[in-house]
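What follows is a set of notes on a single structure, which appears directly below.
What follows draws every value from the coordinates through simple rules; no lab data is involved. If you're wondering where the values come from, they're calculated on a predicted model, not measured in any experiment. Cβ atoms come from the backbone with ideal geometry, glycine included; neighbour counts cover every protein chain shown.
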Amino acid sequence: MAVITLVLNLGTDLAKAVGYVIRARGFIPLGTLRRWQSVALAVSLVAVSLVAWQIAISAQQPAPAPTRGRFEFQVTQSFDAKYLGDTPGHVGRGTLQGARPDVSLGDPVYRGTVRIGMVTGLTWDRSKENLEVEFDPEPFEIDPHGRPTRRVRISVGQDVWIPLGGEAPVTTAH
């Protein structure tokens, strides 16, 4: 904001300076003087627009590089039940970055190496290259001996992933 104010002030000062120079020479009528001031102000507005555009472009972060063999996304919504008899669930969204999804209902959902859920719904938006995933959580993490160790906690904003093609790591939660 300070940069924009500075550039606008410089543009206004430039327009005044052009007016003083033209008036000092004494050969330009008053209407032409106003045109020169308008041109100087327009040039300064274009400069402000270009500076703002460059700042906006540099502030954008590049998309994360896709991880081969899995679709990573963030949990964006959690719900207790959508209708009578339904179970708790979560919804997440992610960008496919030009890839085609190889995900189906029943595929496992992981956080790190721990299985935290199972896919129950998929929506692919081809025009935006987005995939929306709905999944039901697993109730407990399972230790290597097959015993439940602790409840699985899934919160909005967590990064989770689905193996593409149905491949799965060894550690799971049930």
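Ranked by the mean number of other Cβ atoms within 10 Å of their residues, highest first, the peptides 106-117, 42-53 fall in the order 106-117, 42-53. For the range 151-156, the Karplus equation 6.51 cos²θ - 1.76 cosθ + 1.60, evaluated at θ = phi - 60°, returns couplings of 5, 7, 10, 10, 10, 5 Hz by residue, with Gly and Pro reported as x. Relative protection proxy for 79-89, 95-105, from highest mean packing down: 95-105, 79-89 (other beta-carbon atoms within 10 angstrom). Near Gln158, the amide H atoms lying under 5 Å from its own belong to Val75; only residues 5 or more places off or on other chains count, and H is placed 1.01 Å from N. Amide H to amide H, with H built 1.01 Å from N, Val152 comes under 5 Å of Phe140, Glu141, counting only residues 5 or more places away or on other chains. Computed 3J(HN,Hα) for the range 134-143, one whole-Hz value per residue from the Karplus formula 6.51 cos²θ - 1.76 cosθ + 1.60 where θ = phi - 60°, is 10, 9, 9, x, 7, x, 9, 7, 10, 7, glycine and proline marked x. Remark on Leu122: its backbone amide H falls under 5 Å from those of Glu134, a criterion applied only to residues 5 or more positions apart or on other chains, H modelled at 1.01 Å from N.
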